[in-house]
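The values are calculated or read from the model by the stated rules, or taken from the named source; none is laboratory data. None of the values given here were measured: they were computed from a predicted structure. With ideal geometry, Cβ positions are generated from the backbone for all residues, glycine too; neighbour counts draw on all protein chains shown. With ligands, DNA and RNA removed, areas are computed over all heavy atoms of the protein, side chains included. Shrake-Rupley method; radii C 1.70, N 1.55, O 1.52, S 1.80 Å.
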Amino acid sequence: MGEKLPGKKEGIPIVDMSKSYRYYLSDHFNLDLCPECGGNLTVQLCMLKIFESSGTLECDSIVNLADHSRFCKTCPVVVIDNKAIQEIIAEGIDGEPVTRYSLKGLIDVEAVPKDKRRFDQLGTPGNPIPVVPFLPPLETPKVRIPKRNEPCICGSGRKFKNCCAKLYG
């Protein structure tokens with residue numbers, strides 16, 4: 001028997017995975033505050049579909065992000081821990097290093113019939129992978145830009161002027 005897919009668990013807030021979210025990576029944004037509204041983010045277990053290419057090989061991977069994704073309760077936003085993504089990419093494809101990748105969307109586990117919620121059954125005939133694509137990025141996030149000498153919004157602990165200020169012009 002294959003490993004079971006994650007689903008609803010008691011006591012854990014459940015985010016609606018059937019709707020689209022806009023994603024941000026943690027190397028540019030804080031894992032605690034929403035980059036669009038500034039509200040608190042909630043840790044939520046989710047699964048992600050990633051396209052990977054090594055130049056000669058290509059594959060789609062399904063990744064369980066466990067504690068590496070944070071959702072906003074107000075905005076359609078998820079902030080993904082980029083360190084976790086980089087660890088996955090570092091594994092490569094059949095020993096070849098990954099040269100490019102893209103995050104395709106979240107997997108709506110609740111759309112999978114309960115009797116087919118196993119990794120070895122997902123994507124088989126009659127049990128397609130229910131991928132919910134990400135929303136397109138915003139031109140400019142609505143986050144409040146700190147003053148030069150304030151702490152950086154990415155959570156690095158450095159002053160904004162010495163960290164992410166160049167990303168905001």
Within the range 50-62, considering residues that are part of a strand (DSSP E or B) and over 18 Å from F134 (Cβ atoms), the one most open to solvent (accessible area, probe 1.4 Å):
E58
Restricting the range 27-43 to residues that are at pLDDT 85 or above and in contact with an Asp or Glu (Cβ under 9 Å, 6 or more places away or on another chain), which is farthest from N82 (Cα to Cα)?
N40
Residues that are over 16 Å from S20 (Cβ atoms) and in contact with a strand residue (DSSP E or B) (Cβ under 9 Å, 6 or more places away or on another chain), drawn from the range 97-119:
V98, T99, R100, Y101, V112, P113, K116, R117, R118, F119
Of all residues being of a type in the set (D, E) and more than 21 Å from R117 (Cα to Cα) in the range 14-49, which is most open to solvent (accessible area, probe 1.4 Å)? Just the residue, please.
D32
For the range 65-74, give me the residue count where each residue is open to solvent by less than 20 Å² (accessible area, probe 1.4 Å) and more than 12 Å from Y24 (Cα to Cα).
1
Can you tell me how many residues within the range 80-109 are open to solvent by less than 80 Å² (accessible area, probe 1.4 Å), within 26 Å of P128 (Cα to Cα) and not in a strand (DSSP E or B)?
8
Among the candidates P151, P125, single out the residue that is closer than 20 Å to D60 by Cβ, over 24 Å from the mean Cα position of the chain (by Cα), open to solvent by 60 Å² or more (accessible area, probe 1.4 Å) and free of Cβ contacts under 8 Å to residues at least 40 places away in the same chain.
P125
Would you check which residues across the range 130-149 are among the basic types (K, R) and at pLDDT 90 or above and list them?
none
Which condition breaks for T74 when tested against (1) within 11 Å of Y21 (Cα to Cα); (2) free of Cβ contacts under 8 Å to residues at least 60 places away in the same chain?
(1)
Hey, does the range 143-163 have a residue that's touching a strand residue (DSSP E or B) at 6+ places or on another chain (Cβ under 6 Å), aliphatic (A, V, I, L, M) and not in a strand (DSSP E or B)?
no
